[in-house]
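What follows is a single structure, written as structure tokens, with notes after it.
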Amino acid sequence: MSAIPYRVKKKIGAWGFVAPILILHAFAILIPATAGIYYSFTAWSGIGEAQWVGLDNYSRLMEDQNFHAALGNNLKWLLFFWTVPFVFAIVAASLLAQVKRGALLFRLVYFIPYVLPSVVVGSLWRFLLHPDDGLPGLATTLGIPGFDRALLGQSETALLTVAFVDNWHYWGFLATLLLVAMQGVPKDLYEAARLDGANYFRQLIHVTIPGIRPTLIFMFMMTGIWSFMVFDYVWVMTGGGPAGASEVIGTVIYKTAFRNFEVGYAAAQGVSVAFLALSILLLFTLLRRRGWDI
């Protein structure tokens, strides 16, 4: 019996190390995803046998005004998180990059909100935003005008208030990542910019941002994908209210599946979210093929 060739042994060994994570991936992601796609073409309550209905769920999705309103809120969420946290993070990271002493402490302070459980953060901020007992009530007591209102209880402010809380949790994490990227920008570029008379703002625009562009664009992509998957903060703080003003696709899917027991239709809604996330990924892939440094 001939010995097993070295190349074959090497491949078997490599696949042996990879196999456990592939099996875990199949059971945790691939199989549920495939089942979700299948059930999106059925009428199923979650119990009993599913009935095949073809594209009926997707046809219904096109006419579902609640889903369209939730999608609009997700797009507002996307625009918010493509602007506000990135501005905060870039400015904070660029300032922190100049700190020589105590930099680690500042990084920890920035990063701590991100590691706190979203349920805890959402519940805490819901208490802090209470119009009588929270920060608005304190502001009113101190005579500061404009805060004597239930920010989470009004249609005009509910979604933006939840986005503010999520931004409080998120921008420090983003600043930490961008800070690491900034530390990889050659110092010679800053020296040359200063010799040319560039101030802090011009250095930020012409040196820092081009130097961290791969990390910046990657986080734009991930933030865009996460914006269509938001659920926890909205659910904890408003539950999609008032009157659906802060409803997002995640809360709509949850209510459809576990309140209305229309699991098949909820699966179709979930597949649509996956398609939106995939569209963002394909967009950035196309930009990379066109020469963008991502």
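Just so you know, all these numbers are worked out from the coordinates, no wet-lab data involved. On a predicted model such as this, the values are computed, not experimentally measured, just so you know. Neighbour counts are summed over all protein chains in view; Cβ atoms, including those assigned to glycine, are modelled from backbone coordinates with ideal geometry.
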Proxy exposure order for 40, 118, 45 (fewest C-beta within 10 Å first) is 45, 118, 40
Sorted by chain and then number, the residues having a modelled amide H within less than 5 Å of the amide H of residue 43, at least 5 places away or on another chain, are 51, 52, 53
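Multiply the residue gap between residue 63 and residue 45 by 0.36 nm, knock off their C-alpha separation, and tell me the result in nm, one decimal place. Don't jump to the answer; show the numbers that get you there.
Values: separation 18, 0.36 × 18 = 6.48 nm, distance 2.07 nm.
Length gained between residue 63 and residue 45: 4.4 nm.
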Output for the chain (equivalent-ellipsoid semi-axes, sqrt of 5λ from the C-alpha gyration tensor, Å, descending) is 37, 35, 18
Residues other than residue 262 with Cβ under 10 Å of its Cβ, Lys/Arg counted +1 and Asp/Glu -1, net out at +3
Between the modelled labels at residue 202 and residue 105 (7 Å from Cα along Cα→Cβ) the distance in nm is 3.5
Taking 0.36 nm per residue of separation between residue 133 and residue 52 and subtracting their Cα-Cα distance, the length gained on full extension comes to 24.0 nm
Placing +1 on each Lys and Arg Cβ and -1 on each Asp and Glu Cβ in the chain, then taking the dipole about the Cα centre, the residue among 79, 283, 61 whose Cα reaches farthest towards the positive end is 283
Asserting the computed 222 nm helical MRE of the chain (DSSP H runs at least 4 long, -39500 (n - 2.57) per run, divided by residue count, to nearest 500) equals -21000 deg cm²/dmol
Out of 142, 115, 274 - ranked by how far each Cα lies towards the positive end of the dipole of segment 44-289, with unit charges on the beta-carbon of charged residues - the top one is 115
Result row for the chain, helices from DSSP H with C-alpha axial extent 20 Å or more and mean Kyte hydropathy at least 0.0, is 6-25, 65-81, 158-182, 213-227, 263-289
Inter-part gap, Cα centre of segment 241-294 to Cα centre of segment 75-139, in whole angstrom, is 25
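What dipole magnitude, in Debye to the nearest 20, does the chain give about its Cα centre under +1 on Lys/Arg Cβ and -1 on Asp/Glu Cβ?
I would put it at about 1460 debye.
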With label points set 7 Å from each Cα along the Cα-to-Cβ direction at residue 231 and residue 279, the distance between them in nm comes to 2.1
So, relative contact order of segment 44-289 in percent, Cα under 8 Å, 6 or more apart, is 30
In this structure, the FRET efficiency calculated for residue 112 and residue 24 from their beta-carbon separation, with R0 = 30 Å, to the nearest 0.05, is 0.50
Packing-ranked peptide list from 120-131, 55-66, highest mean Cβ count within 10 angstrom first, is 120-131, 55-66
Mean-square fluctuation maximum in Gaussian network of the chain, Cα pairs under 10 Å, restricted to 135, 179, 151, hits 135
Mean Cβ-within-10 Å packing, highest first, puts peptides 23-30, 278-285 in the order 278-285, 23-30
